[in-house]
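Engineer: The structure under discussion is supplied below as structure tokens; questions concerning it will follow.
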Amino acid sequence: MRLDIITIFPEYFAPLDVSLLGKARRKGLIDMAVHDLREWTHDRHRTVDDTPYGGGPGMVMKPEPWGEALDAIAPPADVTGQPAEVVGERADGVPRLIVPTPSGRPFTQALAGEYAAEPWLIFACGRYEGIDSRVVEEARGRMRVDEVSLGDFVLAGGEVAVLVMVEAISRLVPGVLGNFDSVTDDSFAPGAMESLLEGPVYTKPPVWRDRAVPEVLLSGNHGAIARWRRDQALRRTVANRPELAARLDPESLDKHDRQV
Ligand code: SAM
């Protein structure tokens, strides 16, 4: 999988070299390039923003550097004559462009799974009041574009949102996690966990500060452990995310579930 990230703060992405993701990059499972948007400016101050049309506070990211950056990273297929210089290796096919914004569709585990199956993603990190809307409009003419929100809050820029998305997506790429099965037990995992939060987890020692691990987990009875885990997941979901619990398919609930 190839990931291209366009930002005015490339240094934000240093953490992508550590832990699971760093390993995945070194193993060649994920090929990632971080691009400085200012490379595609042409004035002395390397300007990427300007005042908003219609007035109002703040600044808006100018369309020209964004257009040039996208042309260079994913040159339009119909360019004839002098094509823009290709930056790095090109993955096969057309990339999918992801633009983080509070006004986008919600980022979910299901969407992370969808993105993990793509060969090539480009992330556009906005700053200030966001990116001139014509950039997304124009890009839609030649690639799939998703405006995606991390939640109902406003960050200072898209970099942290992209870090979150890249981490959630890349752990779903086959080979990245040591034990891929752990993904299917995660909160929100497609299947039995789709609308459930994972319950509490424990490790050794069996007693710590007078607190014992629930006995069933030491019983070796796999059926009873699975039942206990499901009960805990249901309890936690009802307590912390009642709106998720309300989405559970009644057909998927057995008699025991209903008592929880
Ligand atoms: N004026 C914009 C609004 O109210 O929708 C907020 C702009 S915000 C200060 C600057 C950038 O941070 C956005 O362009 C986007 O890249 C990123 N951002 C902020 N909140 C976000 C969220 N909840 N999800 C995804 N990206 C976000």
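The values are calculated or read from the model by the stated rules, or taken from the named source; none is laboratory data. Given the structure is predicted, the values throughout are model-derived calculations rather than measurements. In this analysis, Cβ positions are derived from the backbone assuming ideal geometry, glycine residues included, and neighbour counts consider all displayed protein chains.
Engineer: Which members of the stretch 10-32 meet the condition of being closer than 20 Å to C125 by Cβ and surrounded by 15 or more Cβ atoms within 10 Å (Cβ to Cβ)?
Structural biologist: P10, Y12, F13, L16, L21, R25, I30, D31, M32, listed by residue number.
Engineer: Does the stretch 166-176 contain at least one residue that is outside any loop (DSSP other than H, G, I, E, B), over 27 Å from the mean Cα position of the chain (by Cα), among the charged types (D, E, K, R) and surrounded by fewer than 18 Cβ atoms within 10 Å (Cβ to Cβ)?
Structural biologist: Within the stretch 166-176, not a single residue is outside any loop (DSSP other than H, G, I, E, B), over 27 Å from the mean Cα position of the chain (by Cα), among the charged types (D, E, K, R) and surrounded by fewer than 18 Cβ atoms within 10 Å (Cβ to Cβ).
Engineer: Let me ask something else. Quick check on my filter: what residues within the stretch 232-260 are among the acidic types (D, E) and either over 17 Å from E198 (Cα atoms) or buried (at least 16 other Cβ atoms within 10 Å of the Cβ) (or both)?
Structural biologist: D249, E251, D254
Engineer: Any idea which of (1) within 22 Å of the chain's Cα centre (by Cα); (2) surrounded by fewer than 17 Cβ atoms within 10 Å (Cβ to Cβ); (3) among the basic types (K, R) is the one R127 doesn't satisfy?
Structural biologist: Checking R127 against (1) within 22 Å of the chain's Cα centre (by Cα); (2) surrounded by fewer than 17 Cβ atoms within 10 Å (Cβ to Cβ); (3) among the basic types (K, R), the one that fails is (2).
Engineer: Has the stretch 155-171 got at least one residue that is without any contact (Cβ under 8 Å) to a residue 40 or more places away in the chain and away from the ligand (no atom under 16 Å from the Cβ)?
Structural biologist: So far as the stretch 155-171 goes, no, none of its residues is without any contact (Cβ under 8 Å) to a residue 40 or more places away in the chain and away from the ligand (no atom under 16 Å from the Cβ).
Engineer: If a residue must be in contact with a strand residue (DSSP E or B) (Cβ under 8 Å, 6 or more places away or on another chain) and either modelled with pLDDT under 95 or within 25 Å of F153 (Cα to Cα) (or both), how many such residues does the stretch 91-124 contain?
Structural biologist: Within the stretch 91-124, residues that are in contact with a strand residue (DSSP E or B) (Cβ under 8 Å, 6 or more places away or on another chain) and either modelled with pLDDT under 95 or within 25 Å of F153 (Cα to Cα) (or both) number 22.
Engineer: Also, I was wondering about something else. What do you reckon, is R2 in contact with a strand residue (DSSP E or B) (Cβ under 7 Å, 6 or more places away or on another chain), more than 16 Å from the ligand (Cβ to nearest atom), at pLDDT 95 or above and of a type outside the set (A, V, I, L, M)?
Structural biologist: Yes: the conditions hold for R2.
Engineer: What number of residues within the stretch 113-148 satisfy the criterion of being within 15 Å of the ligand (Cβ to nearest atom), touching a residue at least 12 places away in the same chain (Cβ under 8 Å) and assigned to a loop (DSSP other than H, G, I, E, B)?
Structural biologist: The qualifying residues number 7.
Engineer: Right, something else. In the stretch 205-260, what count of residues is obtained for those that are of a type in the set (A, V, I, L, M) and within 32 Å of the chain's Cα centre (by Cα)?
Structural biologist: Of the residues in that region, 11 qualify.
Engineer: Output the residues belonging to the stretch 182-226 that are under 30 Å from E114 (Cα atoms) and in a helix (DSSP H, G or I).
Structural biologist: S182, V183, T184, D185, A226
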